[in-house]
Every structure is written in C-alpha cells, then in structure tokens.
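This report concerns only the one structure given below.
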Amino acid sequence: MIKLILFGLFAVITAFTYWLRFINLNYLKQHGTTVPAGFESAIDEEKLRTSSAYTFDSSRLGLWDSLFDNGVMIVFLFGGLIATFDRSVSSLSGSFVISAILFFTLLTWASTLLGIPFDLYGTFRIEARYGFNTTTARLWIADFFKSQAIGAILLTFLISVVFVLIQWSPHQWWLWVWGFMALFSLFMMFISPYVIEPLFNKYEPVTEEGLESDIRIMMEKAGLKVGKVLQMDASKRSRHSNAYFTGIGKVKRIVLYDTLIKQMSHGEIVAVLAHEIGHWKKGHIWKRLLWAELMALAGSWLSFQLLSWPGLPGLLGLPPDISLPAKMVVLGFVASLVLFPLGPFSAWRSRCHEREADLFASELTGKPENLAAALVKMSAENLSNLFPHPLYAGFYYSHPPTVERVHSLLLMSAPATRE
C-alpha cells in the first residue's frame, strides 16, 4: 500500500513538472512575438523567433531525457531491479567498503552511459543548429574520459571515507560524515581552480588592452582583493558567454569567457563583474554555505535515523536485508519527493540575492544602464527565453527573468539620465 502511495506521489509530482513545462512553452507562444522594451538594440523579430525555436528544441530534448530517466527509475526502484543489482554487487566482494564503492560507481557509470545519447544530440544537433557548438568529436571524447576519470577518483575517495567512518562509529557516523563532507567541500573550493579546471580549459591573463585595469579599479573601489583576472578559452567548446568568480579566501579569482570579452564593452563587462562582487560583499556566499551546511547536518542526522529503521526498504516493497548503499538510494528517492515543495523557496531566496547584487552593482559603478545593456546582450547572444511563465519561473529560476531585471535597472538609471 505504501509503495502504491509513493508511486502515486511520484506520478503526481512528475505530471506537475511536465505541466509547468507545457504552460511555460505555451506562454512563450502567446507572448514571444514582441521585442521587450529596452531590448531593441540587440534583438529584432527574427532573433526573437530564433530564440523561441531554440527554447522549444531544448525543452523538447529535456522532456525526452526526463521521460527516459523516469522510466528507468520506475523499473529500477518500483520494478525491484535495485534488489537484483544489490545482490549482484554484494556477491563480488565481502568487504563493506569495497561493496559500497562498487555499488555507487557502477550505478553512476550506468547513469552516465544512458545519458550519452541525449548529451550528444544536444551538443552536436541542437547547439550546432543554432550556432553555439564549437566542440569537436575528439574534444568531446577527451572531455568525457577526463571527467569520468576525475569523477571516479573523487567518488571512490568519498565513498571509502564515508563507509570507513560508518564502520568505525556506527552510532555517531552521521556527525563524522557531515564534518568530513563539509571540510572536503571547502578543500575542493581551494584546489579546483588550480588542479581540476585547468585540465579542461586554458587560463591566461586578460589580453584586451585596458580591461584588467578597469576591473582592478572597480575592485579597489569595492574594497575587494582578487589574486588574478583571467580569461578562459570557452570558445573552443561553445559560443555561449559568461563570467564567474572562483576559489575562496586568498585564492579568489575572476574568470571571463573569451566569448564575453568579444561581445561586450569594457563598461558592460565591469558591470557584470560588479554584480558578482555584490554576492561577496552582501555575504551571499557565506550565507549560502552556512545554510547548506546546516541543512546537510540536519539531513545527515535524519538519514542516520531513517537508515536505522527496518521498515525503510519496505516502502518500495524491497526485502529488509538489502545493503546500506541500496537503502541510501531508497532514502534519496523518498527524500526527493518530500523535499520537492521546498524547491520554490530555494529559488525565491536565490532571486532575492540576485536582486541585491544587481542593486549593489548599480551603486558601485554608478551606471545601472551598463548592467542592463550587458544582460540584453547576453540574452540575445545566448538565445535566452525572455518570456517564461511566472509560475514556471517561480519554481525553477534562480535569477529573476531577464526582462524584469533590465526593466528594474533602467528605472534606476532614469533619474541619473534626466540629471
């Protein structure tokens, strides 16, 4: 009975997400024919039609990917395949730790392999059709094997430590595991910019004359020290543009996509980076880290309690003697259903931070119109959907819709323009 209830809940949630996708695309059909105010300089009706087509094609691929993933999940969890897989893995080794490593590694590889056709179609058909893809087959293969190797090493290390801690402290492992994962996350924030990221992209000092100087002047005005201002050869994979902060503490650095540098003026680039600085100055970074760790601590304790409950496997009609890794998968699935309603809250909280960062950037540079122009160009170049349904945006958007952000920024610049 409980299994049927959980399946029904999963079906309802899945149907709701597909309905959100439907009303979002329908909203685009109804409203996506008029160029929004403030976008006239970068977008015309032809560009708008292309943007809509890109949104539809990407969403269609996402739908098929989701349907396939959900079908596999139903067979694996509700069809009992997880129990067969668990027995097969357990028979390969009598070691508690090695069995856990094999369980999660094989499951991860299977998921990755099943997702390859969708990734290939998205990269070499959809992204290529709209002029974004610059990845060669050779580069895609190289990236795939490098990412899989790195992922396997990290996953093996994490699973090994976690299950050694569980063996060592069967009654307090939840606290030790939480502490280890928190430290590991911070460690990765330190080393990733220097060890992992350079394995995929080339990083070098900004070469465009005067740009680094403009950025550093703005950084000094904000009272923020950054080790390096670098550009990344993103164009060897895609023509999409972006910029970001990476690292933490003394290893913070700014990274600009080379595509972004080509598309925008210095003032617009500085405005984009001022927005990112706003996240640091407003404490969004540490607030998010603190919130995540508090939730992880609570989740770790609750997981310990539920994994110790003999009735957990029975929720999906599984035998009670399944392994701890299999119980973790069951718990993860059930948790995803229970936590689904919290998604909109997390998205709303992120949008609040983005609005604060926009305001900070406008005050720091004194030119909100530059950030508005940058957002308009990024939307045009990336063929972003300018007309998301409000309910869809409320559930999924971590940033306010671009038209809303541009409108707010132009209102900020209006008094200064009149003066």
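Quick note: the coordinates plus some simple rules give every number you see, no bench work behind them. Remember, predicted model here, so these are calculated numbers, not experimental data. Positions of Cβ are generated from backbone atoms using ideal geometry, with glycine treated the same way; all protein chains shown enter the neighbour counts.
Numbers below:
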| quantity | calculated |
| --- | --- |
| Exposure proxy order (Cβ contacts within 10 Å, fewest to most) of T108, T123 | T108, T123 |
| Long-range HN-HN contacts of D233 with modeled amide H, under 5 Å | K202 |
| Candidates per trypsin sites (Lys or Arg not before Pro) in segment 206-306, loop by DSSP, up to 10 other Cβ within 10 Å | K225 |
| Residue-averaged 222 nm ellipticity for the chain, from DSSP H runs of 4+ at -39500 (n - 2.57), nearest 500 | -23500 deg cm²/dmol |
| Karplus-derived 3J(HN,Hα), 6.51/-1.76/1.60, for each residue of segment 87-95, Hz, glycine and proline x | 5, 5, 5, 4, 6, 7, 7, x, 7 |
| Filter on K262/K282; K228/K282; K228/K262; K47/K202; K29/K262 - keep pairs with C-alpha separation over 27 Å | K262/K282; K47/K202; K29/K262 |
| Karplus-derived 3J(HN,Hα), 6.51/-1.76/1.60, for each residue of segment 53-60, Hz, glycine and proline x | 4, 5, 4, 5, 5, 5, 5, 5 |
| In Å, descending, principal axis extents of the Cα set of segment 201-263 | 34, 25, 16 |
| Per DSSP, loop trypsin sites (Lys or Arg not before Pro) in segment 360-419 with at most 12 further Cβ within 10 Å | none |
| Computed over the chain, Cα set: Rg, Dmax in Å | 23.8, 77 |
| Cβ crowding within 10 Å averaged over residues, with 300-306, 203-209, 389-395 ranked highest first | 389-395, 300-306, 203-209 |
| Debye log10 I(q)/I(0) for segment 82-200, one point scatterer per Cα, at q = 0.14, 0.18, 0.19 Å⁻¹ | -0.82, -1.08, -1.13 |
| Computed log₁₀ I(q)/I(0) - Debye formula, equal Cα scatterers, no solvent, segment 142-233, q 0.12 Å⁻¹ | -0.62 |
| Hz values of 3J(HN,Hα) by residue in segment 146-163 - Karplus curve (6.51, -1.76, 1.60), Gly and Pro given as x | 5, 5, 5, 5, 4, x, 5, 5, 5, 5, 4, 5, 4, 5, 4, 5, 4, 7 |
